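Visitor: Quick one: the structure is below, and I'll ask about it shortly.
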Amino acid sequence: MQIEDLRALLALGDYEHVTEAAAALGTTQPTLSRLLSRVEGELGTRLFERDARGAHPNPYGEMALVAARDIVERHDRLRRDLAGLLDPDSGTVRLAFLDSMATSLVPKILQAVRHHAPHLRIELRQEPAHEIMRDVDSGTAELALVSPQPEGPYGWLPLQRQGLSLIVPPGHRLTTRSRARLADVAGEDLVTVPAGFGFRRLVDDLFAAAGVSVRIVLEIGDLATVEGLVGAGLGVAVVPDQFVGATGTHGLPLSAPGAERVVGLAWRSDRALTPGADRFRALVEQSGQF
C-alpha cells in the first residue's frame, strides 16, 4: 500500500460512494474499485459493504480508516516539518491564541508575518489560556498569544497593553461619570469569564486589591458575549477597552493600579523552536508593538 492508496480509502470513507469518491480524486470508478479490491486483498478482509446506495465501511473498514487517517496525517506533518527545517520561510508554525484576540491582534500579526514570509504555513488554534499553555507544553502549539505572562520556563515577548474599563448597562447610575473605581460597583452583579481563564485571574486580583466584593452571576468564556450580557442589563463587567460599547454599554476607564491587560507571545524556553516558529517569532519581534 502507498500513501495515495490510503488517501483514496479516506475519500471513499468520506463519500461512501465509489463514483463520487473517484470524481473527487480525479480518477475513474473502475480504477478506484480495483484499488479497493487490492487494499482489501492485502489486508485480508472486506472493508466496505456495497449496496445500491453506495459503499459503506463495516467495522473492519472503520478500523482501517482510523489507521489510514493517522498515517496520512503523520506523513503530511513529517513532510511539512522537514520542509520547515530546509527552508524556515516555507515551514509550518502552530500558533494558539485567546478567543478575545481573534478579530483584533491576530489578524494584525498574521498580516505582518505574511508580508515578509508569504509561504510560511500557519496552523491556528483558538482556545482559553489554560488550554493554550497545555498545548504549548505538549508541543501541539509552538507559540501562543496569551495574557498574562505565564509563569515557568517560557520565553515572553510583550506585544500590546490594553486598558481596562468598567462597563455598565444603559441607564445605570454611573453612566454620567467619566471614570470609575471598583468600589463604585461594590455589591453589584458581575458578569465575567470563568475561573481558570487568564483574564478572570486579572479581574479577581483587581477586586481583591481594592477590597471590593461583588456577586458573580454569569460566567462565559467570550469577552464579546460578556459585553452583550451587560448591554442586556444583566450586570456590570470589567473588559479591555476595545469591547466597550458594542451593544450600547457605557464604559468607564478604571482608576486602579494594574488596570491593564498585557498580551504577548509565549513559547517554551527550555527547548529549541522549529526554524519556522523561530522565524515567525523573529518577524513579530521586528514588527514591534501592535
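The values are calculated or read from the model by the stated rules, or taken from the named source; none is laboratory data. All values reported here derive from a predicted model rather than from experimental measurement. We place every Cβ from the backbone using ideal geometry, glycine too, and count neighbours over all the protein chains shown. Keep in mind that these areas ignore ligands, DNA and RNA; they rest on the heavy atoms of the full protein, side chains included. Shrake-Rupley method; radii C 1.70, N 1.55, O 1.52, S 1.80 Å.
Visitor: Percent of accessible area on the chain owned by carbon and sulfur, 1.4 Å probe?
Guide: 52 percent
Visitor: Right, here's the next one. Can you give me the accessible area per residue for region 1-155, using a 1.4 Å probe, in Å²?
Guide: So region 1-155 comes to 55 Å² accessible per residue, rounded to a whole number.
Visitor: If you don't mind, there's one more thing I want to ask. For Cα pairs less than 8 Å apart in space and 6+ apart in sequence, what is the mean separation divided by the residue count of region 146-290, i.e. the relative contact order in percent?
Guide: 43 percent
Visitor: Which ³J(HN,Hα) values in Hz, rounded to whole numbers, follow from the phi angles of region 12-29 under the Karplus curve 6.51 cos²θ - 1.76 cosθ + 1.60, where θ = phi - 60° and Gly and Pro get x?
Guide: Karplus values, whole Hz, x for Gly and Pro: 5, x, 6, 8, 6, 7, 4, 5, 5, 5, 4, 4, 5, 7, x, 10, 9, 4.
Visitor: Right, something else. Please give the net charge around residue 178, taking every other residue with its beta carbon less than 15 angstrom from that of residue 178, where Lys and Arg add +1 and Asp and Glu add -1.
Guide: Taking every Cβ under 15 Å from that of residue 178, the sum is +2.
Visitor: Against the longest principal axis of the chain, how steep is helix 59-86, in degrees 0 to 90 to the nearest 10, with axes from Cα atoms?
Guide: 70 degrees
Visitor: Expressed as a rounded percentage, what relative contact order does region 1-154 have, with Cα pairs under 8 Å and six or more residues apart?
Guide: 18 percent
Visitor: Only Cα pairs within less than 10 Å get springs; with that Gaussian network setup on the chain, which residue of 244, 146, 72 has the largest fluctuation?
Guide: 72
Visitor: Please report, in whole Å, how far the alpha carbons of region 170-262 spread along each principal axis, starting with the longest.
Guide: 29, 25, 24
Visitor: When the dipole is taken about the Cα centre of region 1-106, and only Lys, Arg (+1) and Asp, Glu (-1) are charged at their Cβ, what size is it in debye, to the nearest 20?
Guide: Its charge dipole is roughly 140 debye.
Visitor: Nothing charged except the Cβ atoms of Lys and Arg (+1) and of Asp and Glu (-1): what's the magnitude of the dipole of the chain about its Cα centre? Round to the nearest 20 debye.
Guide: With Lys and Arg at +1 and Asp and Glu at -1, about 600 debye.
Visitor: Between region 5-38 and region 245-267, what is the separation of their alpha carbon centroids in Å?
Guide: Cα centroid of region 5-38 versus Cα centroid of region 245-267: 53 Å apart.
Visitor: A further question on this structure: Please compute the Kirkwood hydrodynamic radius over region 1-123, one decimal place, Å, based on all pairs of different Cα atoms.
Guide: Averaging 1/r across every pair of different Cα atoms and inverting gives 17.0 Å.
Visitor: Here are some values of mean projected area of the Cα convex hull in nm²: [x] 13.8; [y] 23.1; [z] 20.3. Which one was computed from this structure?
Guide: Here the calculated entry is [z].
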